[in-house]
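These notes are about the structure you will find just below.
The values are calculated or read from the model by the stated rules, or taken from the named source; none is laboratory data. Here the structure is a predicted model, which is why all the values come from computation and not from measurement. Cβ sites come from the backbone with ideal geometry, for glycine too, and all protein chains shown count toward neighbours. Ligands, DNA and RNA are stripped out before the accessible areas are found, and what is left, the full protein with its side chains, is counted by its heavy atoms. Shrake-Rupley method; radii C 1.70, N 1.55, O 1.52, S 1.80 Å.
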Amino acid sequence: MITLCKTCGTAYDAQPDRCPICEDERQYVPATGQTWTDFDTVTATHSNKWQQLEPRLFGIKTVPAFAINQRALLLQTPHGNILWDCIANLDPATKTIITALGGISAIAISHPHYYTTMQEWAAAFDAPVYLHASDREWVMRDSPAIHFWQGDVLEVFPSVTLLRLGGHFAGGTVLHWQEGEGVLLVGDILQVTPGKDAVSFMWSYPNYLPLPARTVASVVSHLEGRTFARLYGAFEGQNIQANADEIVQRSGQKYIACLK
């Protein structure tokens, strides 16, 4: 039976004594203690809400909320569909909808908090999973579908590139889609602020632990020269619809100035 951590959604082959993802300071163990559920229970008691963000980009979010409550994004390209980030719930309706949209040809995940049930998604759609090798230690279940990539750039399909920015995790990754004015899918490697006119950079979001200025400088430098008008974050509504590349560079400068 596949066991899921209720706090972060990470999947295990059997219920462990502890969840290393939650015990790391970038996540947390609830004051009431670690609790568990299983994959079949989640798929029976939850469903996924779909939202079309633009003509070939869909958001997928579990309702009622489960674990971290991030969304996954399904990107349609002429070379195949890509699932960006992952959510724990893969119910029958979601399988049916994705199959009707052309399936999944590749899965890419920004960082370990969103690995969840990536193995089940990969098996259901016969898709490879691309994870940065720097975060290999946080994979809690092996799968032949997992491919660890190295370096700072990986082209998955023409016009679709993974960029390792680091920051939140050593292998922290974003996806650049060179479509029209460009789109950036960021998970929470970059965190969209409530006004949607800035992003922030954190080592731990739930524990409010910042990144050092030199790390933020490195993160934004990896995006210099990349054009992207629109940016989509980890959570529903975290969408920047214009001038996103300028906003990221300006936000980085502001963050660094606040630490001086």
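Set the Förster radius R0 to 35 Å, insert the Cβ-Cβ distance between Asn69 and Glu224 as r into 1/(1 + (r/R0)^6), and round the FRET efficiency to 0.05.
With R0 = 35 Å, the Cβ-Cβ based efficiency is 0.65.
What net charge do the residues around Gln76 carry, taking every other residue with its C-beta under 15 Å from that of Gln76, with Lys and Arg at +1 and Asp and Glu at -1?
-1
For the pair Thr215/Glu181, report the inter-label distance in nm, with labels modelled 7 Å from Cα in the Cβ direction.
If labels sit at Thr215 and Glu181, their model points lie 3.2 nm apart.
Can you compute the modelled spin-label distance between Glu25 and Leu259, with each label point 7 Å from Cα toward Cβ, in nm?
1.4
Write down the percent of antiparallel bridges among all DSSP beta bridges whose residues are both part of the chain, to the nearest 5.
In the chain, DSSP labels about 75 percent of beta bridges as antiparallel.
Quick one: which residues, 5+ away or cross-chain, put their amide H under 5 Å from the amide H of Ile146? H built at 1.01 Å from N.
Val129
Of all DSSP beta bridges located in the stretch 47-167, what percent are antiparallel, nearest 5?
Just about 70 percent of them are antiparallel.
Would you be so kind as to identify all helices of the chain, as entire DSSP H runs, whose Cα atoms reach 27 Å or more along the helix's own axis and whose mean Kyte-Doolittle hydropathy is at least -0.5?
Working: long enough: none.
None pass (Cα extent of 27 Å or more, hydropathy at least -0.5).
Mind ordering 116-125, 215-224 by average Cβ neighbours within 10 Å, highest first?
116-125, 215-224
Any chance you could list the semi-axes, whole Å, largest first, of the equivalent ellipsoid that the Cα gyration tensor gives for the stretch 144-241, using √(5λ)?
20, 18, 13
How compact and how long is the stretch 29-128, expressed as Rg and Dmax of its alpha-carbon atoms in Å?
Cα radius of gyration and Dmax of the stretch 29-128 are 13.6, 47 Å respectively.
What order do you get for 245-255, 103-113 when each peptide is scored by the mean count of other beta carbon atoms within 10 Å, highest first?
103-113, 245-255
Calculate the spin-label point distance for Trp36 paired with Ala93, positioning each point 7 Å from the Cα along the beta-carbon direction, and give it in nanometres.
The modelled label-to-label distance comes out at 2.9 nm.
Per the helix-only calculation at 222 nm, which mean residue ellipticity applies to the chain, given -39500 (n - 2.57) for every DSSP H run of n ≥ 4 and division by its residues, nearest 500 deg cm²/dmol?
Numbers: 6 runs with 53 residues, N = 260.
The helix-only estimate for the chain comes to -5500 deg cm²/dmol at 222 nm.
Can you tell me how the stretch 41-80 classifies by the Cα gyration tensor, rounded, prolate or oblate, using a/c under 1.5 as the rounded cut?
It is prolate, given that a/c is not under 1.5 and a/b is the larger ratio.
For the stretch 204-260, how big is the tail of P(r) above 15 Å, as a whole percent of Cα pairs?
Value for the stretch 204-260 (Cα pairs over 15 Å): 57 percent.
Using the Cβ atoms and a cut-off under 13 Å, what net charge is assigned to the surroundings of Cys19, where Lys and Arg are +1 and Asp and Glu are -1?
Combined, the nearby Lys, Arg, Asp and Glu give +1.
For percent of Cα pairs over 25 Å apart, the choices are (1) 52; (2) 40; (3) 58; which was calculated from the structure?
(2)
Sorted by accessible area with a 1.4 angstrom probe, largest first, how do Glu181, Glu54 fall? Intermediate results must be reported in sequence, preceding the final value.
Details: Glu181 130, Glu54 30 Å².
Greatest to least solvent exposure: Glu181, Glu54.
Measure out, as a whole number of angstrom, how far apart the alpha-carbon centroids of the stretch 124-202 and the stretch 96-114 sit.
Using only Cα atoms, the two centres lie 13 Å from each other.
What full-extension length gain, to one decimal in nm, is calculated for Phe148 and Asn243 as 0.36 nm per residue of separation minus the Cα-Cα distance?
Values: separation 95, 0.36 × 95 = 34.20 nm, distance 3.20 nm.
Value of the extension gain: 31.0 nm.
Ranked by accessible surface with a 1.4 Å probe, highest first, in what order do Phe157, Phe201 come?
Phe157, Phe201
Phe39: accessible area at probe 1.4 Å, nearest 10 Å²?
Rounded to the nearest 10, that gives 30 Å².
Let me check something: with ligands and nucleic acids excluded, how do Tyr208, Tyr130, Tyr28 order by accessible area (1.4 Å probe), largest to smallest?
Tyr208, Tyr28, Tyr130
Which value results for Rg/Rh of the stretch 69-130 when Rg is the Cα radius of gyration and Rh the Kirkwood radius based on the inverse mean 1/r? Intermediate values should be presented prior to the final figure.
Details: Rg = 10.5 Å, Rh = 11.5 Å.
Rg/Rh for the stretch 69-130 comes to 0.92.
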